[in-house]
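The values are calculated or read from the model by the stated rules, or taken from the named source; none is laboratory data. Owing to the predicted nature of the structure, the values given are computational and were not obtained by experimental measurement. Cβ atoms come from the backbone with ideal geometry, glycine included; neighbour counts cover every protein chain shown.
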Amino acid sequence: MNLPSVFIFNWIFLLALFPVAFFWLRRAYRILVKRDFSEVALKKGLPPPNAEKYAPYEMVINLVGGVIVVGVLVAVLGFQALASEDWIAVAGVTLWMKLLASFALGRQAHGLGPGRKKG
């Protein structure tokens with residue numbers, strides 16, 4: 001059953017993958033080439049004090065996610081090699097895994113739980 005509304009939502013999701021891939025690959029480029037660690041392991045919008053330590057992990061997370069999303073876009077638009085259910089599954093799992101990995105890295109970099117009060 002291929003309803004027109006499902007077709008429209010699939011295209012909206014496919015078009016949304018373009019800016020997602022752009023931002024993820026741009027973050028990886030900034031970390032790798034420009035050595036900009038301002039977006040590494042963010043928690044409440046702030047990087048950890050030792051952001052350089054976690055930069056390689058954040059770069060790999062963004063690079064792998066961006067490359068997979070670009071691969072999905074090329075496979076769907078260029079070669080039409082993936083069925084609708086397949087590319088949606090790959091893109092969806094990639095999106096969620098990247099978000100969860102970045103979230104976990106941010107929590108690891110900032111510490112788990114509230115800081116100890118001194119004094």
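Figures for the structure shown
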read-out: Enumeration of residues in the stretch 75-85 that are buried (at least 16 other Cβ atoms within 10 Å of the Cβ) and without any contact (Cβ under 8 Å) to a residue 40 or more places away in the chain; value: 82
read-out: Scan of the stretch 80-102 for residues that are under 14 Å from residue 14 (Cβ atoms) and part of a helix (DSSP H, G or I), ordered by number; value: 84, 85, 86, 87, 88, 89, 90, 91, 92, 94, 95
read-out: Qualifying position, being among the aliphatic types (A, V, I, L, M) and surrounded by 18 or more Cβ atoms within 10 Å (Cβ to Cβ), among 67, 90, 60, 72; value: 72
read-out: The stretch 93-110 - residue that is aliphatic (A, V, I, L, M) and touching a residue at least 24 places away in the same chain (Cβ under 8 Å) and, of those, surrounded by the fewest Cβ atoms within 10 Å (Cβ to Cβ); value: 97
read-out: Test: residue in the stretch 108-116 that is closer than 28 Å to residue 53 by Cβ, modelled with pLDDT under 90 and charged (D, E, K, R); value: yes
read-out: Residue match in the stretch 53-73 (condition: among the aliphatic types (A, V, I, L, M), more than 17 Å from residue 104 (Cα to Cα) and in contact (Cβ under 8 Å) with a residue 60 or more places away in the chain); value: no
read-out: Selection within the stretch 37-52 - touching a Pro at 6+ places or on another chain (Cβ under 8 Å) and in contact (Cβ under 8 Å) with a residue 60 or more places away in the chain; value: 40, 41
read-out: The stretch 22-72 - residue that is more than 30 Å from residue 88 (Cβ to Cβ) and polar (S, T, N, Q) and, of those, farthest from the chain's Cα centre (by Cα); value: 50
read-out: Filter result (at negative phi, assigned to a loop (DSSP other than H, G, I, E, B) and surrounded by 14 or more Cβ atoms within 10 Å (Cβ to Cβ)) within the stretch 35-53; value: 36, 37, 39, 40, 42, 47, 48
read-out: Given (1) over 25 Å from residue 108 (Cα atoms); (2) modelled with pLDDT under 95, number of the condition residue 18 does not satisfy; value: (2)
read-out: Residues being more than 14 Å from residue 63 (Cβ to Cβ) and in a loop (DSSP other than H, G, I, E, B) - total across the stretch 1-33; value: 3
